[in-house]
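To start, the structure under review is shown below, and the notes come after it.
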Amino acid sequence: MTTAKKKPNPNDVIVGQNIKNRRNQLGMSQEKLADALGVTFQQVQKYEKGTNRTSASKLVAISIALQTTVEALFAGTGMKDAPEQKILSPQAYKLASQFDQIENPKLQAAISQMVREAPKKPEAAQSADIVQLKTA
């Protein structure tokens, strides 16, 4: 007799992805998060994939370890009380962290302008902007 493989609940997957994204933002390994929670890194993997549901008490512990709110971990689930704040991707978090280290206000302004305009421009124009920044 074969049993059908049970798919994770979509909300568990979203919460797990939010946990993973926040952990990556902080540059934290699964092992370090697991140690903070008193579980194995394999358990953290299961939380992040949504294959194991995360209990309320674990969600509180995770939010403390990841320096965020429980509500933020539910972003994107469609819950009315969950804030629709977006947890940044690891690349966006890295960019924001590096941007704050730029001491030249003119360079910060130029980069800000380029980032604001990038979604409006074709790829070739974006490449030209990058070359222009390198020579500035």
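What follows draws every value from the coordinates through simple rules; no lab data is involved. Owing to the predicted nature of the structure, the values given are computational and were not obtained by experimental measurement.
Observations on the model:
- The mean of 1/r over all distinct Cα pairs in the range 24-71, once inverted, gives the Kirkwood hydrodynamic radius of 10.8 Å.
- Principal axis extents of the Cα atoms in the range 9-48, from largest to smallest and rounded to whole angstrom, are 26, 20, 11.
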